[in-house]
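Take a look at the structure below.
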Amino acid sequence: MIRPTTSIPTAVIPVGSSGDGPHGLCAGPDGALWLTLVFASGRVGRIDPVGRIDVIDLADRSSRPHAVVVDPDGGCWVTLWGSHQVAHVATDRTIELVDLPPDSEPHGLAFGPDDGLWVALESGALARVDAGRHGRSARQ
C-alpha cells in the first residue's frame, strides 16, 4: 500500500532558466550532480557538493541533451537527441562531440563491461562509443 506523506523534507532548486526542462540526472565521484536541460536551451548543468550551479552551453542550442552518465574523472557523457550525437563534458567545461548516424535519436547510455560507452538509439539500435581516456577503464 502506498501512503502519501508530506513529512519528508524536500527542496526545490531552480536550475537554468524558465522552460529549460531538467531531465537526466547523475551523481559524480566528487559529490557533484550533472543534469541535462532538454528543451530549448541546449545546455547541461553541474551542481557541486556545496550547491553552486554551473550551467554549460553546448554549441547547438537545439541539441536537446537527454541522458547523462558520469565518467571516472568527474566529467560526464550526454546524449544529444536533437543533433544525433553524444558529448563528453569535462569538469573544466571542455566539450568533445561524437557524431552518430543521422536520425538515430540517442536516448539512454551506460558504460558496459567492455569499457565502451553504450548508447540506446531510438532508431532501433545500439551504438558503442570508444570512450578513450574518459571511459570505464580509467576507474581502475
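The values are calculated or read from the model by the stated rules, or taken from the named source; none is laboratory data. Everything numeric in this text was worked out from a predicted model, so none of it was measured. Cβ: placed from backbone, ideal geometry, glycine included. Neighbour counts: every protein chain shown. Side chains included, ligands, DNA and RNA excluded: accessible areas come from the protein's heavy atoms. Shrake-Rupley method; radii C 1.70, N 1.55, O 1.52, S 1.80 Å.
For residue 39 and residue 59, FRET efficiency with R0 = 25 Å and r from the beta-carbon atoms, rounded to 0.05? All intermediate terms of the calculation are to be shown ahead of the outcome.
Working: r = 17 Å, r/R0 = 0.68.
With R0 = 25 Å, the Cβ-Cβ based efficiency is 0.90.
Just to be sure I understand, if you calculate Kirkwood radius over Cα pairs in Å for this structure, which of [x] 15.6; [y] 16.0; [z] 16.5 do you get?
From the options [x] 15.6; [y] 16.0; [z] 16.5, the structure gives [x].
Whenever you get a sec, compute what percent of the accessible area on the chain sits on carbon and sulfur atoms (1.4 Å probe). Let's see the in-between values first.
On the way: 4300 of 7850 Å².
Using a 1.4 Å probe with all protein chains present, the chain comes out at 55 percent carbon and sulfur.
Rolling a 1.4 Å sphere over the protein heavy atoms, what is the accessible area per residue of the chain, to the nearest Å²? Kindly include the intermediate steps, with their values, before the conclusion.
Details: 7850 Å² over 140 residues.
Per residue, the chain has an accessible area of 56 Å².
Order 88, 107, most accessible first, counting only protein heavy atoms with a 1.4 angstrom probe.
Largest to smallest exposure gives the sequence 107, 88.
Gaussian network model of the chain, Cα springs within a sub-10 Å range: biggest mean-square fluctuation belongs to which of 114, 54, 92?
92
Mind giving me the FRET efficiency for residue 8 and residue 130? R0 is 41 Å, r the Cβ-Cβ distance, nearest 0.05 is fine. Numbers along the way, then the final one.
Values: r = 42 Å, r/R0 = 1.03.
Once the sixth-power term is evaluated, E becomes 0.45.
With a point put 7 Å past each Cα toward its Cβ, work out how far residue 93 is from residue 23 in nm, to one decimal.
According to this spin-label approximation, the distance is 2.3 nm.
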